[in-house]
Amino acid sequence: MARKEYIIGIDAGTSGIKALAFSWTGELIRSEKRQLEVLPSEHGWMEHDAELIYRSTLSCLSDLIRHMEYEPLAIGFCTFMHSIMAVDRQVKPMGNLQLWNDNRSAPASGLLKNTESGNDIYSHTGVPIHPMSPLTKLRQMRDSDPEIFTNASWFIGIKEYLLYKFTGKLIIDYSTASATGLFDSRNKEWYAPALDWCGINASLLAEPVSSRETFPCILDQLKNVVIVPGLSDGAAANLGAGNIDPSEYTLTLGTSAAVRFTGSEKTTDPLGVLFSYCIDEASFISGGASNNCFNVIEKVVSSLGLGPECLNDPEFMSDAADNLLYLPWMFGERAPLQLLEPISGFIDLPASCRPVHQVKSAVTCILYNLKHIAEKLSRLNAGNFECLHLSGGLSHLKPIRLLTSSIFNIPLAEHSTGESSALGTAIYTARAAGIVNDYKNIRQWNPITAIHYPDPVQADKFGFLYLRFREISRDYIRSNGTSS
């Protein structure tokens, strides 16, 4: 390979950092990873140390480039959405980074939800009124921590912080900005009524930049490398899965989960639960995000004295406990319904049920919850989807793929790599750097290697059990009075 004939996609997720080197045709050459852990909190808050994320990113990137033996042409970034923190004049964090699953702004969310102002902000930003949103986090900070709020020089998320460290500029891409609840995603500018409700002005936020803008790196070891601000992890996952057709959708199974489709129009729903975010100037992803996926599975597996290898245990696919139901909302919920308090646990668990079957029940009910989102999206998209693209860490597991295909009752496309967020970032980076002109041929970067068709018998069985899950869980939520 000639010098500089590769690009790097950085995927900064809640549970870890990935740096992946790709050829100009999408071939994965090498990768490096670093694990991250959410900071413990006696208040039940969900936070990260932004400086630690930066150091982990730099370490991951440096090791990757050292093994590649020469620097890349460009580096692009995707990060998790909905984070926010206050920084001072030196862009030094004044506290920890609040994460998407931090619900401390529930009081502020309650002030805005189902109001005329809230509906207006949702229609312009495409972000549900929910504690996940930086919109409500900022308002809560103003009310609960006025000293930090007043003394802050800027309010930024992890994407802006990383870009500042690499470019020296406080900038944010349209895609990540559109997930803040503060950005008019049609007009591509900060939305004044949202800012007014928070009590800030646009000068306290990073500058939004278009998908085609690139910036020189200020780090000595990367002086000749182009930095591409990139996009959000959800938008990157859709691109990386080759999903640019509105008749198809993507299911991402990671720490959290999401169901999304790509279209040329911004699409919001009457109940204000689904989101619609930018990919770039011309494309949007619409969908629903769940707080609960591998984070729940991990805790269920640990509580039963098992390890993650149980997901590959042959007994995992047994139908011995398919009637067992599990309420999967351990971390509250964003979609298909909004729950500000956790609800989790098995319903009528028989003493004879084996631990591995309990794990399957938890996984199955997480997928039922995601299927509910997909049904909402089908109505929003005015038609059924024809194919499902699977991405995220759990997509590597064959039992998960088989369960997903049967529960969703739709052909499931398997790709050559499940690292769709990093790959989507690389595709986006290649476009911004002028290596590719458009997204028309992106499936060449991550071709479909197999299509899994649902087993009709299993699909019928899970179709019945899904309706039972919907009915029982709805009744349970109503009887406990737990909702947004």
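Every number here is computed from the coordinates shown, using simple stated rules; none is lab data. This one's a predicted model, so the numbers in the text were calculated from it and none came from an experiment. Reconstructed Cβ throughout: ideal geometry from the backbone, glycine too, with neighbour counts over all protein chains shown.
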- Task: Starting from the Cα of ASP475, step 7 Å along the direction of its Cβ; do the same at ARG379; then give the gap between the two resulting points in nm.
- Result: 2.2
- Item | Pairs of alpha carbons in region 21-168 whose separation is greater than 27 Å (percent) | 34
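Could you order the peptides 59-68, 385-394 from most to least packed, using the average number of other C-beta atoms within 10 Å per residue?
For the peptides 59-68, 385-394, the packing ranking is 385-394, 59-68.
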- Item | Under-5 Å amide H pairs with GLU189, H placed in peptide plane, nonlocal only | ASP184
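Summing Lys, Arg as +1 and Asp, Glu as -1, what charge do residues with Cβ under 11 Å from the Cβ of SER421 carry, SER421 excluded? Mind dumping the intermediate values first?
Numbers: positive: LYS18; negative: ASP11, ASP233, GLU419.
Once all neighbours under 11 Å are counted, the net charge is -2.
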- Restricting things to alpha carbons, find the Rg to Rh ratio for region 198-269 using the Kirkwood radius for Rh. 1.07
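Assuming 0.36 nm per residue, please report the length gained on full extension of the stretch ASP220 to GLU116 beyond their Cα-Cα distance. Before the final figure, lay out the partial values.
Values: separation 104, 0.36 × 104 = 37.44 nm, distance 5.04 nm.
Residue separation times 0.36 nm, minus the Cα-Cα distance, leaves 32.4 nm.
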- Can you run phi through the Karplus equation (6.51, -1.76, 1.60; θ = phi - 60°) for region 432-441 and list ³J(HN,Hα) in whole Hz, with x for Gly and Pro? 5, 7, x, 7, 10, 8, 7, 9, 4, 10
- Query: How would you rank 279-287, 316-324, highest first, on the average number of other Cβ atoms within 10 Å across their residues?
  - Reply: 279-287, 316-324
- Message: Per residue of region 156-165, what does 6.51 cos²θ - 1.76 cosθ + 1.60 with θ = phi - 60° give for ³J(HN,Hα)? Whole Hz please, x for Gly and Pro, Karplus curve as stated.
- Response: 9, x, 5, 4, 4, 5, 5, 5, 5, 5
- Taking H placed 1.01 Å from N in the peptide plane, check which residues at least 5 places from ILE279 or on another chain put their amide H under 5 Å from its amide H. PHE284, ILE285
- Note on the structure: Expressed in nanometres to one decimal, the distance between label points 7 Å along Cα→Cβ at ALA192 and THR449 is 5.3
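Checking the a/c ratio against 1.5 first, then a/b against b/c, what shape does the Cα gyration tensor give for the chain? Write out the running numbers ahead of the final one.
Working: a/c = 1.58, a/b = 1.20, b/c = 1.31.
Cα axes put the chain in the oblate bin.
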- In region 239-289, with Lys and Arg counted as +1 and Asp and Glu as -1 at Cβ, which of these residues, SER247, PRO270, ILE285, has the Cα nearest the positive end of the dipole, that is, farthest along it? PRO270
- Query: Using the Kirkwood formula over every pair of different C-alpha atoms, what hydrodynamic radius in Å results for region 393-484?
  - Reply: 16.3
- Taking H placed 1.01 Å from N in the peptide plane, check which residues at least 5 places from THR79 or on another chain put their amide H under 5 Å from its amide H. ALA12, LEU231, ASP233
- Can you tell me how much longer the chain between GLU51 and LEU304 gets when fully stretched, taken as 0.36 nm per residue apart minus their C-alpha distance, in nm with one decimal? 87.6 nm
- Message: Sorting check: for 296-303, 449-456, which peptide has the highest mean count of neighbouring beta carbons within 10 Å, and how do the rest follow?
- Response: 296-303, 449-456
- Extreme residue, positive dipole direction of the chain, given options THR79, THR167, PRO336 (C-beta unit charges): THR167
- Where nothing but the Cβ of Lys and Arg (+1) and of Asp and Glu (-1) is charged, how large is the charge dipole of region 73-170 around its Cα centre, in debye to the nearest 20? 280
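What FRET efficiency would be calculated for the residue pair LYS92, ARG66, taking the C-beta separation as r and a Förster radius of 30 Å, to the nearest 0.05? Don't jump to the answer; show the numbers that get you there.
On the way: r = 29 Å, r/R0 = 0.95.
The computed FRET efficiency comes out at 0.55.
Among bridges DSSP assigns within the chain, what percent are antiparallel (round to 5)? Spell out each step's value before the answer.
Values: 50 of 72 bridges.
The answer is about 70 percent antiparallel.
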- Task: Only Lys, Arg, Asp and Glu count, each charged at its Cβ (+1, +1, -1, -1), so figure out the dipole size of region 32-120 about its Cα centre, rounded to 20 debye.
- Result: 60
- Query: Suppose every K and R has +1 on its Cβ and every D and E has -1 on its Cβ; what is the size of the dipole of the chain about the Cα centre, in Debye to the nearest 20?
  - Reply: 240
